[in-house]
1. Can you tell me which residue among Ser177, Ser196, Ser145 is more than 20 Å from Gly301 (Cα to Cα), loosely packed, with under 15 Cβ neighbours inside 10 Å and hydroxyl-bearing (Ser, Thr, Tyr)?
2. Looking at Ser24, Ser84, Ser37 in this structure, which one is at pLDDT below 90 and outside the structural domain of Leu201 (by TED's automatic domain parsing)?
3. Can you tell me which of Glu260, Glu266, Glu211 is closer than 30 Å to Val127 by Cα, within 30 Å of the chain's Cα centre (by Cα) and surrounded by fewer than 20 Cβ atoms within 10 Å (Cβ to Cβ)?
4. Which residue is nearest to Ile147 (Cα to Cα), if the candidates are limited to the stretch 246-275 and must be of a type in the set (A, V, I, L, M) and touching a Leu at 6+ places or on another chain (Cβ under 9 Å)?
5. Report whether or not Thr286 is loosely packed, with under 15 Cβ neighbours inside 10 Å and in the same structural domain as Val102 (by TED's automatic domain parsing).
6. Here is a list of conditions, (1) surrounded by 16 or more Cβ atoms within 10 Å (Cβ to Cβ); (2) of a type outside the set (Lys, Arg); (3) in the same structural domain as Arg150 (by TED's automatic domain parsing), and Ala234 meets all of them except one; can you say which number that is?
7. Residue under question is Ala304, and the condition is that it be touching a residue at least 24 places away in the same chain (Cβ under 8 Å), of a type in the set (Gly, Ala, Ser) and assigned by TED's automatic domain parsing to the domain that holds Asn159; does it hold?
8. When only residues in the stretch 208-240 that are out of contact with any Leu (no Cβ under 9 Å at 6 or more places or on another chain) and of a type in the set (S, T, N, Q) count, which is farthest from Ser264 (Cα to Cα)?
Amino acid sequence: MNDPLRKLSWDDLRIVKAIGQSGSLALAGTALGLNTSTVSRRLTQVEDALGVTLFDRRRAGYLPTAAGLELIALAERVELDVVSVARRVSGHAESRAGELRVTTSDALMLDFLTPIIADFQTSNPSVRVDVIVGNCLLNLARGESDIAFRAVTGAPPENLFGRKVATIAWAVYGRRSDFLDGRPLPGEIYQHQWVSYGKNLSGLKAYGFVETRVPGERIVFRCDSVAGMATAIAAGIGVGFLPCMHGDTATDLIRVGSIEPDISDELWILTHPDIRKSGRISAFMTHCMEAIAKRRAFIEGRAAPGEQQR
């Protein structure tokens, strides 16, 4: 089957876009480094291939038709993707200099990522790190971030490249001074006042676990931040679930229940396949994986803070 769209190339789209922006064959040719006759011939070839008129030829200039507007919009979208990828993979494939944008959650940033970044920059002083803290996975394909550290409750997006580096253990924590006489018996913990996560973090397994086991009237506080939850527990508002690597580092908190395997997460380092071989991306990911491997037992709730895995 003869598909006219197969005859289109990026150069064809560039020509249509340039004519649309300038309204003139001559100005489009100047912008593209082509002569006017070449631009005119190429435009005719594109229109013949598609079987449509892309521009109305008027004395005032070339005005795009409805079909022309659609093709110009397509050219603009393609250009964004081409420029984004080309800018990131060309010229600096082996370089360990430049900006590195990292996105992660507040808890991961506080728990262990900052000293890992500090160690990396000691060895790579020409890399500038920009950390974006939030619970949303930024669009790595569009260049909103280079690397994402995420606690993933399901499979990560298929269009990303990454590595699972640890399993994040979770347990119930309470204010230490409230449990000087020991931990409650299994089942009794659900009779306490609870703090839990808000709907913005309803994807967390901990959210669903609490919703199905704790009476609604006992959930007296909600927060869409792990760090905020830890603060609320330390203030004595109630007990609640925290990642062990976060709760175990707080001296005023104590585990009041065993590790709950049903709500564990997987810790992943993710990037886009187009940039994973960039010098600074590859070096940073390797550095992080090696550093996290030494603390895997702590992240998985099996070791004390500062205790490294051998």
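The values are calculated or read from the model by the stated rules, or taken from the named source; none is laboratory data. Here the structure is a predicted model, which is why all the values come from computation and not from measurement. Cβ atoms come from the backbone with ideal geometry, glycine included; neighbour counts cover every protein chain shown.
1. Selected residue: Ser177, the only one of Ser177, Ser196, Ser145 that is more than 20 Å from Gly301 (Cα to Cα), loosely packed, with under 15 Cβ neighbours inside 10 Å and hydroxyl-bearing (Ser, Thr, Tyr).
2. Working: Ser24 fails: at pLDDT below 90; Ser37 fails: at pLDDT below 90.
Exactly one residue qualifies, and that residue is Ser84.
3. On the way: Glu260 fails: closer than 30 Å to Val127 by Cα; Glu211 fails: closer than 30 Å to Val127 by Cα.
Result of the check over Glu260, Glu266, Glu211: Glu266.
4. Only one residue fits best here, namely Leu270.
5. On the way: loosely packed, with under 15 Cβ neighbours inside 10 Å: yes; in the same structural domain as Val102 (by TED's automatic domain parsing): yes.
Yes: the conditions hold for Thr286.
6. Of everything listed in (1) surrounded by 16 or more Cβ atoms within 10 Å (Cβ to Cβ); (2) of a type outside the set (Lys, Arg); (3) in the same structural domain as Arg150 (by TED's automatic domain parsing), Ala234 misses just condition (3).
7. Taking the combined requirement at face value, the residue does not satisfy it.
8. Thr231
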